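The values are calculated or read from the model by the stated rules, or taken from the named source; none is laboratory data. This one's a predicted model, so the numbers in the text were calculated from it and none came from an experiment. No Cβ is skipped: glycine too gets one built from the backbone with ideal geometry, and neighbour counts run over all protein chains shown.
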Amino acid sequence: MTDAHLDPLIALRPWQAPEVTSWGRLPMSAVDRRSGAVPLDGDWRFQLLPAPDAQPGEVWSSSYVPGVWTLQGTDDLPQYLNVRMPFAEFPPHVPAANPTGVYEREVDVPAEWAGRRIVLQVGAAESVLLVHVDGRPVGISKDSHLAAEFDLTPVVRPGDRATVRLTVVKWSDASHIEDQDQWWHGGITRSVLLYATDPLHLADVTVRARRGGDLLVECRVRDAGGALPEGWYVSGELDGQLLTQDAEFDRANAEDERVSGFLGEARLRAAVPGVRTWNAETPELYGLTVRLHRADGTVADTSRHRVGFRDVEIVGRDLLVNGERVFIRGVNRHDFHPLTGRTVSYDDMRADLVLLKRFGFNAIRTAHYPNDPALYDLADELGFYVVDEADIESHDHAHEIADDPRYLGAFVDRVARMVLRDKNHPSVVIWSLGNESDYGANHDAAAGWGRRHDPTRPVQYEGAAKRGWADPDLASDIACPMYAPLEECLAHALSGTQTKPLIQCEYSHAMGNSNGTLADHWAAIEATPGLQGGFIWEFWDHGILQRVNDGRPAGRGGAGLYDNGVAAPGHRWAYGGDFGETDHDGAFIADGVVFPDRTPKPVMFEHREIAAPVRIACFRHEGVVLANHQHFRGLDWLSGEWELSLADGTTRTAPAELPGLRPGETAAVPLPFELPAEGGEAWLTLRVTTAGDEPWAPRGTVVCLPQVRLRAALPSAHTRVPDGVVEVDEEGLLVHPLLTAAPVLSLWRAPTDNDELGGMAARWRDWGLEAPARKVVSVRRDPGRVAVVSEYVCAGGTVRHEQALTAMDGGLIVDESAELPEALHDVARVGTVFETVPGLNLLEWFGQGPWESYPDRAAGAPVGHHCLPVDELFTPYLRPQESGGRHGVRRFTLSAPDATGLAVRLDRPRQVSVTRHRAAGLAAVAHHDELVPRAGCVVHIDAAHRGLGTASCGPDTFASYLVAAGVHRWSWSLRVL
């Protein structure tokens, strides 16, 4: 390679020139060239330099492409920041210390490519790519999440070996507009390949397929030699149906003198009778082949596409797909893998989308950049509505950059290249101009380009909302706020001033134990015209697998070192600050609905039920009413089974024949069981599964579990007639052979991420709720009964607690009350905590489950009889916190393998948790590898438990889910099995 000071690519210093978006890079197109290409993935020679103008040395290591050097053993490790840039320089400047990776390898150019156009494609590189071949400069590219292609025909010879050098500069002016809430990495993150075409080639193909069956294919043709040869033409076929030439277009071009010797244009048309339309429920695809012919009829180039016939339009305040107002049940998704960072395989992406499909999601926002191209193929095939987002986020310097003309070209370039690449995907229904970049003239310019090139889709941009959700501003056809309180959304929809669909681009922040009130939001969305859904933030917990002994990323060799959301011994999920960086945003990177290994969090079951295609709408004496809540599909693809759960512990099942309901229809169905005359509470569940194999689920996969209560619980009251002895110590605390810590008042939970970032945990600590001092006021001992009055003294006031222990029926009845002063107006919980002896390892309960649930996140946990080992009850959120709760528990048993143990019955459905961890122990550590499980069980029975909300980013829980001051009463019984 030439000296750095003589190299024109280095001399240009493109890493500090926002006006330079590329040099020598070919235009983006929708023509896929992966077929027949020579893959260049694998080990490349590698050096990590301290700056882009440093000279490579003689010693090379190796780096795997695609991948990021930050996870491949270098000293430049990942860093996580949300808003702030990782350096102090203002745009467009960057630090002088600027890690620069130099990748090099030899490439054998096939001899049979003689006379052909030879192109290098680099799938993605962060953040500036410089390309040299045999020491000769070839080109420059920016935009870390879209491919760059370079014509190597002038610099390589077929049959020879060439040395390709890819230099990747980590920090650049482009970094200031790639300031996403994500790990900072450096490297080549998507595949590299070499392909060849005929000099006469398809430069671009645009496919527009309408729901009525009309197909329009626009082709752009170029010749590497410059002038197009005479007589070329294009042909096409759609699943065997020949397309026709658009003679009117050809005539108009000729009359307007638009035809030149440089760029050829042609149009093909077809009308497809009885067309099968594409939507997220029935993603019907057709195979399209477009051929470019020379004058003699031989084929010079071929392009293949999968076509979905569908319309997307906005009518009034509704987003319509094929004329139907659809609910957007979306999630934000990054390209992510815990071992390889932003490099994701096809199988991984398919697994992502299959999982989302199984849990009721129908939409993806590609936060905050165009995702890997294969994702869109999969979204077309499996059925997702995609908001395709440009690689623009200038969060730290948003206001300055939005109107900075130096960045105008970058904004337009990134939106244009995204549109050019992805425009033929039926799954893409909305273009997004980026994220959290304020709002300025650069956005308007980018929106204008997108609308001119593709008038078939709406454009959205959250930042435009600062001018008001109803403002007919240029940059957003959709009101797409983030984390807007539900009451504000409802007020807007009911105001009479709404002019656009309201679809939140981000809502329900999934950080830690979160997503409270999700069901409440969807109840309002489904009941309110003008509200159409939104995108949960987000899909992944972005924990990187880290070795504990040396603090290094596990890298590609870490496969198999995690399971069910938990890292193997000696490893942990790393988040901000775990790689030695002092400037970071901690666990805010762990805010997904799945763990880093794609294990679903409990909120996934909540969402599955909220999105259920089949609902039990109401209960009548003679039966239930079923409803089809899909937009396009009947119920013939589903099977059902009835399950009746009775309070006496019995469960009955029967086959269910689902009625033939069209979308939106309902039907009355007779009860499958005759209820026993006695037996108390009774619940009917419809287990809905796939009737056959779906592309995203084998036959028998659970789709939803709608449930209705057939009979309420009978009032129960214990006759408090003592018939035994209650043993207490001198403090009035229960002495019991199976308890190692007596039942005492609990007002504290290990703070969730929402509690910490929402400020509640700090207030609870200020109040002294972690460990209030217990002062015994009185202990009254009567035959078979002990009544204890205590005061729990903390900085926020004194809580009076009364506990009456009554021996009866071979066990104990515990009656409790706690009076919270007005100063303690919002606490985490009010209830009882005790600890058991070791060996009680199995929990069986009647209540909601089997998944973790809380007062404001319980819609996805049906009432029934459930059984799990104690060690499986705890949810391993990346930062240890309150977890493992079960809502609406009526009774439970804790037993040993020999069936001995404890049985607890509650006065009414309560929040219960059984884990191996005290709240103080959970709150004291930052990672799960630091936790030491207790041999016995820590049991919480709550009279009241605070909702979870999403206050780490977004609204807190609703007032109805808060734990108020005043008197709380609860009762429970304890019996030895």
Exercise for review: Note down all Cβ pairs under 7 Å where the first residue falls in segment 821-841 and is assigned to a loop (DSSP other than H, G, I, E, B), the second is charged (D, E, K, R), and they're at least six residues apart or on different chains.
Suggested key: ALA828/ARG749; ALA828/ARG946
Check your understanding: Residues of segment 645-671 being in contact with a Ser or Thr (Cβ under 7 Å, 6 or more places away or on another chain) and surrounded by 16 or more Cβ atoms within 10 Å (Cβ to Cβ), which ones?
Key -> SER645
Check your understanding: Name the pairs whose Cβ atoms lie under 9 Å apart, with the first residue in segment 435-461 and at positive phi, the second hydrophobic (A, V, I, L, M, F, W, C) and part of a loop (DSSP other than H, G, I, E, B), and 6 or more positions between them or separate chains?
Key -> GLU436/VAL83
Exercise for review: Sort out which residues of segment 393-438 are over 23 Å from the mean Cα position of the chain (by Cα) and either of a type in the set (Ser, Thr, Tyr) or not assigned by TED's automatic domain parsing to the domain that holds ASP380 (or both), and write them in order of number.
Suggested key: TYR407
Check your understanding: Can you tell me which residues in segment 80-109 are out of contact with any Phe, Trp or Tyr (no Cβ under 8 Å at 6 or more places or on another chain), within 18 Å of GLY187 (Cα to Cα) and surrounded by 19 or more Cβ atoms within 10 Å (Cβ to Cβ)?
Key -> THR100
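Against the condition surrounded by fewer than 21 Cβ atoms within 10 Å (Cβ to Cβ), of a type in the set (Asp, Glu), modelled with pLDDT of 95 or more and out of contact with any Phe, Trp or Tyr (no Cβ under 6 Å at 6 or more places or on another chain), how does ASP179 come out, does it pass?
Working: surrounded by fewer than 21 Cβ atoms within 10 Å (Cβ to Cβ): no; of a type in the set (Asp, Glu): yes; modelled with pLDDT of 95 or more: yes; out of contact with any Phe, Trp or Tyr (no Cβ under 6 Å at 6 or more places or on another chain): yes.
It is false that ASP179 is surrounded by fewer than 21 Cβ atoms within 10 Å (Cβ to Cβ), of a type in the set (Asp, Glu), modelled with pLDDT of 95 or more and out of contact with any Phe, Trp or Tyr (no Cβ under 6 Å at 6 or more places or on another chain).
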Exercise for review: Could you tell me which residue of segment 694-707 is surrounded by the fewest Cβ atoms within 10 Å (Cβ to Cβ), considering only residues that are closer than 13 Å to GLY360 by Cβ and touching a Gly at 6+ places or on another chain (Cβ under 9 Å)?
Suggested key: TRP696
Exercise for review: Collect the residues in segment 353-368 that are outside any loop (DSSP other than H, G, I, E, B) and crowded, with 24+ Cβ neighbours inside 10 Å, keeping them in residue-number order.
Suggested key: LEU356, ALA363, ILE364, ARG365
Revision key, fill the gap. Conditions (1) closer than 30 Å to PHE87 by Cβ; (2) charged (D, E, K, R); (3) touching a His at 6+ places or on another chain (Cβ under 9 Å) -> ASP585 fails only (3)
Exercise for review: Scan segment 7-19 and report the pairs whose first residue is acidic (Asp, Glu) and whose second residue is crowded, with 19+ Cβ neighbours inside 10 Å, with Cβ atoms within less than 7 Å and a gap of 6+ or a chain change.
Suggested key: ASP7/PRO137
Check your understanding: Limited to segment 741-768, what total is found for residues that are surrounded by fewer than 20 Cβ atoms within 10 Å (Cβ to Cβ), closer than 20 Å to ALA926 by Cα and among the small types (Gly, Ala, Ser)?
Key -> 2
Point to revise | Restricting segment 672-693 to residues that are of a type in the set (D, E, K, R) and buried (at least 18 other Cβ atoms within 10 Å of the Cβ), the residue that is nearest to SER639 (Cα to Cα) | key: ARG687
Review point. Assuming SER508 fulfils every condition listed in (1) closer than 30 Å to PHE595 by Cβ; (2) in contact with a helix residue (DSSP H, G or I) (Cβ under 6 Å, 6 or more places away or on another chain); (3) surrounded by fewer than 24 Cβ atoms within 10 Å (Cβ to Cβ) apart from one, which condition is it?
Key: (3)
Check your understanding: If you go through segment 864-873 one residue at a time, do you hit one that is touching a residue at least 12 places away in the same chain (Cβ under 8 Å) and under 23 Å from GLY949 (Cβ atoms)?
Key -> yes
Study note, to complete from the structure: Residues of segment 317-335 being under 13 Å from PRO458 (Cα atoms) and either crowded, with 18+ Cβ neighbours inside 10 Å or at pLDDT below 95 (or both), in sequence order, are ARG317, LEU319, VAL321
**Study point:** Residue tally, condition crowded, with 21+ Cβ neighbours inside 10 Å and of a type in the set (Val, Ile, Thr), over segment 110-133
**Key:** 4
Check your understanding: What about ASP391, is it in a loop (DSSP other than H, G, I, E, B) and touching a His at 6+ places or on another chain (Cβ under 6 Å)?
Key -> yes
Point to revise | Matching residues in segment 550-584 - criterion: being out of contact with any helix residue (DSSP H, G or I) (no Cβ under 7 Å at 6 or more places or on another chain), of a type outside the set (Gly, Ala, Ser), assigned to a loop (DSSP other than H, G, I, E, B) and surrounded by 17 or more Cβ atoms within 10 Å (Cβ to Cβ) | key: LEU561, ASP578, PHE579, HIS584
Point to revise | Answer from ASP403, ASP388 - the residue that is within 26 Å of ARG220 (Cα to Cα) and among the acidic types (Asp, Glu) | key: ASP388
Review point. Somewhere in segment 24-35, is a residue more than 34 Å from the chain's Cα centre (by Cα), surrounded by fewer than 21 Cβ atoms within 10 Å (Cβ to Cβ) and either in the same structural domain as GLY123 (by TED's automatic domain parsing) or outside any helix (DSSP H, G or I) (or both)?
Key: yes
Study note, to complete from the structure: Within segment 71-106, restricting to residues that are aliphatic (A, V, I, L, M) and over 21 Å from LYS142 (Cβ atoms), the one that is farthest from the chain's Cα centre (by Cα) is ALA88
Practice item. Could you please give the count of residues in segment 211-238 that are touching a Lys or Arg at 6+ places or on another chain (Cβ under 8 Å) and either surrounded by fewer than 20 Cβ atoms within 10 Å (Cβ to Cβ) or closer than 30 Å to ASP41 by Cβ (or both)? Key: 10
Review point. Would a scan of segment 480-499 turn up a residue that is over 16 Å from ILE610 (Cα atoms), of a type in the set (A, V, I, L, M) and touching an Asp or Glu at 6+ places or on another chain (Cβ under 6 Å)?
Key: yes
Check your understanding: Is it the case that segment 951-960 has a residue that's among the hydroxyl-bearing types (Ser, Thr, Tyr) and either assigned by TED's automatic domain parsing to the domain that holds TYR575 or surrounded by fewer than 17 Cβ atoms within 10 Å (Cβ to Cβ) (or both)?
Key -> yes
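Residue-wise test of (1) at pLDDT 95 or above; (2) among the aromatic types (Phe, Trp, Tyr); (3) within 24 Å of ASP578 (Cα to Cα).
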site	(1), (2), (3)
ILE10	no, no, no
VAL20	yes, no, no
VAL38	yes, no, no
ARG45	yes, no, no
TRP60	yes, yes, no
GLY67	yes, no, yes
MET85	yes, no, yes
ALA88	yes, no, yes
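Here's the yes/no breakdown for (1) under 23 Å from HIS145 (Cα atoms); (2) touching a strand residue (DSSP E or B) at 6+ places or on another chain (Cβ under 8 Å); (3) of a type in the set (Asp, Glu); (4) not assigned by TED's automatic domain parsing to the domain that holds PRO405:
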position	(1), (2), (3), (4)
ALA17	yes, no, no, yes
THR21	yes, yes, no, yes
ALA54	no, yes, no, yes
THR70	yes, yes, no, yes
Check your understanding: When you look at ASP43, is it surrounded by fewer than 19 Cβ atoms within 10 Å (Cβ to Cβ) and either under 28 Å from the mean Cα position of the chain (by Cα) or part of a loop (DSSP other than H, G, I, E, B) (or both), yes or no?
Key -> no
